[in-house]
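The values are calculated or read from the model by the stated rules, or taken from the named source; none is laboratory data. These numbers were taken from a predicted model, which means no experiment stands behind them. Don't worry about glycine lacking a Cβ; one is built from the backbone with ideal geometry, like all the others, and counts go over all protein chains shown. Side chains are part of the model used for accessible areas, which takes the heavy atoms of the whole protein and leaves out ligands, DNA and RNA. Shrake-Rupley method; radii C 1.70, N 1.55, O 1.52, S 1.80 Å.
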Amino acid sequence: MPTTRNAPLAGRGGAFETNFNTASNYYSVKKSFPAYGRQLDQLRKDGCVPVNRVIVSTDWKLGAACARIVVTPDNDPSLLNFSYLAGLSVQIVHHANEADLVRSLIEEIMRIKPRILTVFNFDLAQNNMSGYPAMTLIHPKSLEVFHAN
């Protein structure tokens with residue numbers, strides 16, 4: 001039976017389960033890790049996976065209670081290593097004014113084939129703006145985009 005343990009990158013929560021390894025050589029060029037990415041990569045190499053989704057946050061305040069990495073607007077996602085997200089459920093949590101960053105994150109994360117990718121606009125959800133979906137589901141196998149109402 002898989003074991004669980006708390007991970008240091010998970011903030012105040014987030015259990016990891018031992019039963020899955022990731023390919024560590026996905027990128028042919030050396031890319032740097034975003035904040036908390038190195039810890040998550042090491043956990044994957046140790047055979048652990050998050051029990052729940054991994055948050056890719058664009059703000060240090062978003063997703064702190066979950067297993068997460070932080071990619072702020074001053075980071076270029078094309079220069080970052082996301083290989084440890086392969087096969088995982090991933091959710092990008094962002095603010096409304098970060099469309100270019102979100103597009104770049106989607107493109108880079110889809111390259112490593114996550115199990116599922118969702119995008120969550122924190123500002124739309126917080127302001128309860130009807131008519132605009134706060135969450136978008138991106139299914140990697142078909143590359144279809146579904147908007148939640």
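Looking across the range 59-70, just one residue is touching a Ser or Thr at 6+ places or on another chain (Cβ under 6 Å) and part of a loop (DSSP other than H, G, I, E, B), and that is 63.
Can you find even one residue in the range 76-83 that is within 18 Å of residue 41 (Cβ to Cβ), at pLDDT 95 or above and in a loop (DSSP other than H, G, I, E, B)? Yes: one or more hits. All but one of (1) surrounded by 20 or more Cβ atoms within 10 Å (Cβ to Cβ); (2) within 10 Å of the chain's Cα centre (by Cα) hold for residue 89; state the number of the condition that does not hold. So the condition that residue 89 fails would be (1).
Taken residue by residue, the range 52-73 has at least one member that is of a type in the set (Asp, Glu), modelled with pLDDT of 95 or more and closer than 14 Å to residue 35 by Cα.
Checked against the criterion of being crowded, with 19+ Cβ neighbours inside 10 Å, among the hydrophobic types (A, V, I, L, M, F, W, C) and part of a strand (DSSP E or B), the range 93-113 has at least one qualifying residue.
Residues in the range 39-58 that are surrounded by 15 or more Cβ atoms within 10 Å (Cβ to Cβ), in a loop (DSSP other than H, G, I, E, B), at negative phi and without any contact (Cβ under 8 Å) to a residue 40 or more places away in the chain: 52 alone. Would you pick out the residues in the range 66-86 that are out of contact with any Asp or Glu (no Cβ under 9 Å at 6 or more places or on another chain) and open to solvent by 20 Å² or more (accessible area, probe 1.4 Å)? Matches in the range 66-86: 66, 74, 75, 76, 79, 86.
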